[in-house]
Amino acid sequence: MTATFLIKDGIGGVFITGSLTSATVDTFREQFLTWWQVQPAIHNVVVDLSGVDFLDSAGLGLLVALLKRVSERGGDLKIAGLQKKVRMVFEITRAFKVFEIFETTQEAMQACG
């Protein structure tokens, strides 16, 4: 799992590649929180999962925790680019009712504005 963090038009973008599982969530959590703490002006975040090939319950749980963290700052966390396997996890767990999900990062970022 690798994660890239950027800011575009005042919106945080997080691009994850690889698997987001119990084996990788701690590393990603630390990376996200370190980035989040040094970006106090960022309220809205788009997490691009188009590079994620596998997501387990730990990965989904982490996304819920990040949603809570972003909401506490008064922002929104949006999900973009779900691959078929990952989309199935969101559907089976009904997580699509918790998150705003978009086909592309660009659509998700426009929804933040």
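Nothing in this text is a laboratory measurement; each read-out follows from the coordinates by a stated rule. Everything numeric here is computed off the predicted structure, so don't read it as measured data. Note: ideal-geometry Cβ built from the backbone for every residue, glycine included; neighbour counts use all protein chains shown.
Only residues that are in contact with a Ser or Thr (Cβ under 9 Å, 6 or more places away or on another chain), in a strand (DSSP E or B) and among the small types (G, A, S) were counted in region 10-33, giving 2.
For region 10-32, which residues satisfy the criterion of being touching a residue at least 24 places away in the same chain (Cβ under 8 Å) and under 22 Å from E72 (Cβ atoms)?
G10, I11, G12, G13, V14, I16, L20, V25, F28, R29, Q31, F32 - these are the residues of region 10-32 that are touching a residue at least 24 places away in the same chain (Cβ under 8 Å) and under 22 Å from E72 (Cβ atoms).
Is it the case that region 46-69 has a residue that's surrounded by 15 or more Cβ atoms within 10 Å (Cβ to Cβ), out of contact with any helix residue (DSSP H, G or I) (no Cβ under 9 Å at 6 or more places or on another chain) and not aliphatic (A, V, I, L, M)? Yes, because at least one residue in region 46-69 is surrounded by 15 or more Cβ atoms within 10 Å (Cβ to Cβ), out of contact with any helix residue (DSSP H, G or I) (no Cβ under 9 Å at 6 or more places or on another chain) and not aliphatic (A, V, I, L, M). Only one of the numbered conditions (1) small (G, A, S); (2) under 15 Å from M109 (Cα atoms); (3) surrounded by fewer than 17 Cβ atoms within 10 Å (Cβ to Cβ) is violated by G81, and that is (3). Only one entry in I42, I7 is surrounded by fewer than 19 Cβ atoms within 10 Å (Cβ to Cβ), in a strand (DSSP E or B) and aliphatic (A, V, I, L, M), namely I7.
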